[in-house]
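Here the structure comes first, spelled out in structure tokens, and everything after it is commentary.
The values are calculated or read from the model by the stated rules, or taken from the named source; none is laboratory data. Computed from a predicted structure; not experimentally measured. Glycine also receives a Cβ, built like all others from the backbone with ideal geometry; neighbour counts cover every protein chain displayed.
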Amino acid sequence: MVAGSAADAFTLTIVSNAILAASEEMFLVTARTAKSPIIYDVLDFSTAITDRVGDVIAQAVAVPAFIGMLDFNVRGVLQKFGESGLCPGDVIILNDPYISGTHLNDVAVVMPIYAKNRLVAFAASKGHWNDVGGMSFGSWGPGRTEIFQEGLQLPPCKVYVKGEPNQAVIDIIAANSRLPEVSIGDMEAQIAGMRATSKRIQEIIHKYGLEIYDAAVSHIFSTGRKIAGDGLKLLPKGHFSSEDQLDEGGPDGGPLPVHVNIDISDDEFCVDFSGNAAQLPFPMNTTFPGTVAAVRIVYMALVAPQEKYNQGLIAPLKVIAPKGTLFNATHPAPVSIYWEALTYAADLVWKALAAHVPERLTAGHYLSIVGEIIAGIRDDNQEPFALVEPNPGGWGAGRDQDGESGLVCFADGETFASSVEVLEARYPLRVDRYEYNTETGFGHGEYRGGAGIIKDYRILNQSADFTTDINRAIIPPWGMHGGSSGTLNRIQIYRGGEKILDTRQALSFKLKYDDVVSIRTGGGGGWGNPLERSTDAVKLDVAEGFLSVEDAERVYGVVFNPQDFRIDVLATKDRRKVLSAEA
């Protein structure tokens, strides 16, 4: 313990930042030691440190959809084993969606941390494994009607006991994956990250003592509560609501209406999903932890957008979602495409408040992760492969800016689009095309939505399976204040140059050598009247290829001279301005 170990403000700040750094180190160690690109390249995982009861002290977030989910995972471990059932060196693994909040592919690993013969914290890590069994390669996709078809279910169980591997559990995991070496490798990477963090927490306590460590944790939570209270005061008060539609799930097979009600007071932010549809007989449901995490994303963006997440920050937040519904599915509902309902849960809150907090929230974006699986057995070495990834798209415009183009959806946040070099090195395919999707465009407005992307994969294997399930392929992103709706997500497959599939949904579609899978994500919604967009902005859009000369005139009332290499503006309709070529 440092001399004169009073918990002064300087010491508390130093120790608090050391705890945060320990969480970040867990994240970096995991990424650098993982086996699969979705972990080390895309960063589809998250890490956190909690206190003894599961409240998150510090979290390194790559996937905002995992914000706060790790507290549910730690509490699930405590409910199963209790503090007395845990020992130094234990590592607990689980992927039960009704506890952990996502789908079976997202495997959580939890490690109790001990110092001075006392349980002081938990390290927790949650990451996407490319295959955990189930009815098709990659484990997620349409066609499932119950969780038993989606893969191996792991209730909280010890994969390490007092530092020694529980080989029986490891063997079960390996036997139920089409990619056992990758799955076990990613698990060991998660454990390596937690061990590094455990060492750092023990070093902090050895240097500063338990008393100051506990004081620093209390300081983190109390500071979070104060920041949340201050942020809540700045929000509009009252009742807010919004409605939207999922692309499927309605009683006639059409779109499914969804809605939310929000009440904001001086001391509470209450989000209520009551009255939504019962859980669906296909895997677009989300469980309660997933819905809570979805709301936390938007809540944090409103209340404390610059802050690192901790449990104190969400003290004013209350989420209601009745059991057995789309937003609180219960066993054995299928959930392998949980992110669709999760992202709609967040988007409903976003939509309800966008007009009231325009400095923080934009118009609607392409929303779906537009994920796909391309998997099979390699021709060259007969080894299995599985490409699983999210894809970037167009975000909505704001009150004073155009939407971002080619950005992953908010539920994936700080994850990355897969690197072309990694894709071509690891999988039997070639990326023929990767560019902004100017073919379908974006929502128009005084500020336009961002553009999606077109990415074409050419298959260089005799066969492969293709799976996808996406939304915002029928119901587009919403515009704001007179801005038009965004554009739709689609995936197309070409064979011999001919389009043989144009879809939002496929299960193990059989690909052949030289087939092209064309991923086409949509553009975001516009903000404001298109006729109020500046002529210079329209001119730049045309010059950069985002907008055609015809659409510039049709939508924005700006007329161009098609013979002029410089694309000079001749006139602007409705504004009655005539500009000379020299101007």
**OP:** Please indicate, with yes or no, whether at least one residue in the range 57-70 is crowded, with 18+ Cβ neighbours inside 10 Å and farther than 23 Å from Pro390 by Cα.
**Re:** yes
Subject >> Qualifying residues in the range 226-265 (those that are surrounded by fewer than 17 Cβ atoms within 10 Å (Cβ to Cβ) and out of contact with any strand residue (DSSP E or B) (no Cβ under 9 Å at 6 or more places or on another chain)) - the one nearest to Ile475 (Cα to Cα) >> reply: Gly253
Original post:
Would you pick out the residues in the range 295-332 that are in a helix (DSSP H, G or I), of a type in the set (A, V, I, L, M) and farther than 14 Å from Thr223 by Cα?
Top reply: Val295, Ile297, Val298, Met300, Ala301, Leu302
**OP:** Return only the number of the condition from (1) at pLDDT below 95; (2) small (Gly, Ala, Ser); (3) part of a loop (DSSP other than H, G, I, E, B) that Ser46 does not satisfy.
**Re:** (3)
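Condition check ((1) part of a loop (DSSP other than H, G, I, E, B); (2) closer than 22 Å to Thr468 by Cα; (3) not hydroxyl-bearing (Ser, Thr, Tyr)) across all residues:
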| residue | (1), (2), (3) |
| --- | --- |
| Gly138 | yes, yes, yes |
| Arg144 | yes, yes, yes |
| Pro155 | yes, no, yes |
| Tyr160 | no, no, no |
| Ala168 | no, no, yes |
| Asp171 | no, no, yes |
Subject >> Subset of the range 465-481 [of a type in the set (A, V, I, L, M, F, W, C) and not in a loop (DSSP other than H, G, I, E, B)] >> reply: Phe466, Met480
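Consider the range 491-523. How many of its residues are outside any loop (DSSP other than H, G, I, E, B) and touching a residue at least 40 places away in the same chain (Cβ under 8 Å)? Please lay out each step first, then the result.
Let us first name the residues in the range 491-523 that are outside any loop (DSSP other than H, G, I, E, B), namely 491-495, 498-503, 505-512, 516-520.
Applying the additional criterion that residues be touching a residue at least 40 places away in the same chain (Cβ under 8 Å) yields 491, 505-512, 516-520.
Number of matching residues: 14.
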**OP:** Just need a number here: residues in the range 247-279 that are outside any loop (DSSP other than H, G, I, E, B) and at pLDDT below 95.
**Re:** 0
Original post:
Does Ser484 qualify as being surrounded by 17 or more Cβ atoms within 10 Å (Cβ to Cβ) and over 28 Å from Ile377 (Cα atoms)?
Top reply: yes
Subject >> Elements of type strands (runs of 3 or more DSSP E) contained in the range 377-464, each with 2 or more residues being within 25 Å of the chain's Cα centre (by Cα), at pLDDT 95 or above and in the same structural domain as Ile493 (by TED's automatic domain parsing) >> reply: 429-436, 453-459
Original post:
Quick one: is Ala304 touching a Ser or Thr at 6+ places or on another chain (Cβ under 7 Å) and either at pLDDT 95 or above or not polar (S, T, N, Q) (or both)?
Top reply: no
Original post:
Only one of (1) modelled with pLDDT of 95 or more; (2) among the aromatic types (Phe, Trp, Tyr); (3) surrounded by fewer than 22 Cβ atoms within 10 Å (Cβ to Cβ) is not met by Phe546, so which one is it?
Top reply: (1)
Original post:
Pairs, please: C-beta under 7 Å, at least 6 apart or cross-chain, first residue under 24 Å from Phe385 (Cα atoms) and in the range 158-180, second among the aromatic types (Phe, Trp, Tyr)?
Top reply: Arg178/Phe137
Original post:
If a residue has to be surrounded by fewer than 24 Cβ atoms within 10 Å (Cβ to Cβ) and either in the same structural domain as Pro476 (by TED's automatic domain parsing) or not in a helix (DSSP H, G or I) (or both) to count, how many in the range 333-361 make the cut?
Top reply: 7
**OP:** For the range 549-564, name all the residues that are surrounded by fewer than 20 Cβ atoms within 10 Å (Cβ to Cβ) and among the aliphatic types (A, V, I, L, M).
**Re:** Val549, Val559
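Taking only the range 89-110 into account, find how many residues are small (Gly, Ala, Ser), at pLDDT 95 or above and at negative phi.
Residues flagged as small (Gly, Ala, Ser), at pLDDT 95 or above and at negative phi within the range 89-110 amount to 1.
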Original post:
If Thr197 passes every condition in (1) farther than 23 Å from Ser84 by Cα; (2) in contact with a helix residue (DSSP H, G or I) (Cβ under 8 Å, 6 or more places away or on another chain) but one, which one does it miss?
Top reply: (1)
Subject >> Residue satisfying condition, being in a loop (DSSP other than H, G, I, E, B), of a type outside the set (A, V, I, L, M, F, W, C), within 22 Å of the chain's Cα centre (by Cα) and outside the structural domain of Gly371 (by TED's automatic domain parsing), within set Asp186, Asp131 >> reply: Asp131
Subject >> Residue in the range 46-54 that is more than 19 Å from the chain's Cα centre (by Cα) and either at positive phi or not assigned by TED's automatic domain parsing to the domain that holds Asp96 (or both) present >> reply: yes
